[in-house]
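Below is one structure, written out as structure tokens; the observations come after it.
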Amino acid sequence: AGLRTDRRISHVFLMDVPTYPRPIMITDAAVNIMPSLLEKVDIIQNAIELAHVIGVPEPKVAILSAVETVNPKIQSTLDAAALCKMADRGQIKGGLLDGPLAFDNAVSLVAAKTKGITSAVAGRADILVVPDLESGNMIAKQLEYLANALTAGIVLGASVPIVLTSRADTAETRIASCVIAALMAHAARVRLKTA
């Protein structure tokens, strides 16, 4: 009671991956199972706002699919195209969106160039928007366990930030998650004072 807002609640894994040059966010890999197009709008906006709080003024948002071209047989490619157009029209604010992008195109400039993709987001993503919870959870866990990523988990879109970690997470991950929650709470207080 009292936690819901008019925004869809979503989860972000904020990760420091040793082989990637900047922090990267994966959303939503813990709350929304198969989000609709409109739910993805809120999921993206929540992540963009977190990026602003941690000092990324215009985060690059890669909307993931299995391929980098629109294919009517793959719903996530249609959603990606629609979300990019929605951002063009101001329905999503504060970030630079591109998609559909396959995972390799989103995080590797070499892969993007090899596939002939010209994009300000490809190879430089700050936020990875996954098609569904299953794919996102697998990406996040692979980065944590196979790439030694430091992870923080936070639920956004509620009236307060909510720390949400795995039962198997380390103390370091739990502390990092609390730090992110404190940053979000502080930013919300600052917004209230200046409004």
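Does region 93-100 contain any residue that is among the basic types (K, R), within 22 Å of D16 (Cβ to Cβ) and out of contact with any Ser or Thr (no Cβ under 6 Å at 6 or more places or on another chain)?
Within region 93-100, not a single residue is among the basic types (K, R), within 22 Å of D16 (Cβ to Cβ) and out of contact with any Ser or Thr (no Cβ under 6 Å at 6 or more places or on another chain).
Sort out for me the strands (runs of 3 or more DSSP E) sitting completely within region 5-78 that have 3 or more residues that are under 17 Å from G99 (Cα atoms) and touching a helix residue (DSSP H, G or I) at 6+ places or on another chain (Cβ under 9 Å).
Qualifying strands (runs of 3 or more DSSP E): 24-27, 60-64.
Exactly one of (1) touching a residue at least 24 places away in the same chain (Cβ under 8 Å); (2) over 15 Å from the mean Cα position of the chain (by Cα) is unmet by T118. Its number?
Condition (1) is where T118 drops out.
Quick one: which residue in A81, A51 is under 22 Å from G123 (Cβ atoms), within 15 Å of the chain's Cα centre (by Cα) and hydrophobic (A, V, I, L, M, F, W, C)?
From the options A81, A51, the qualifying one is A51.
We did not get these values from a lab; they are worked out from the coordinates using the rules stated. All of these numbers come straight from a predicted model, not from anything done at the bench. FYI the Cβ positions are ideal-geometry reconstructions off the backbone, even for glycines, and counts take in every protein chain you see.
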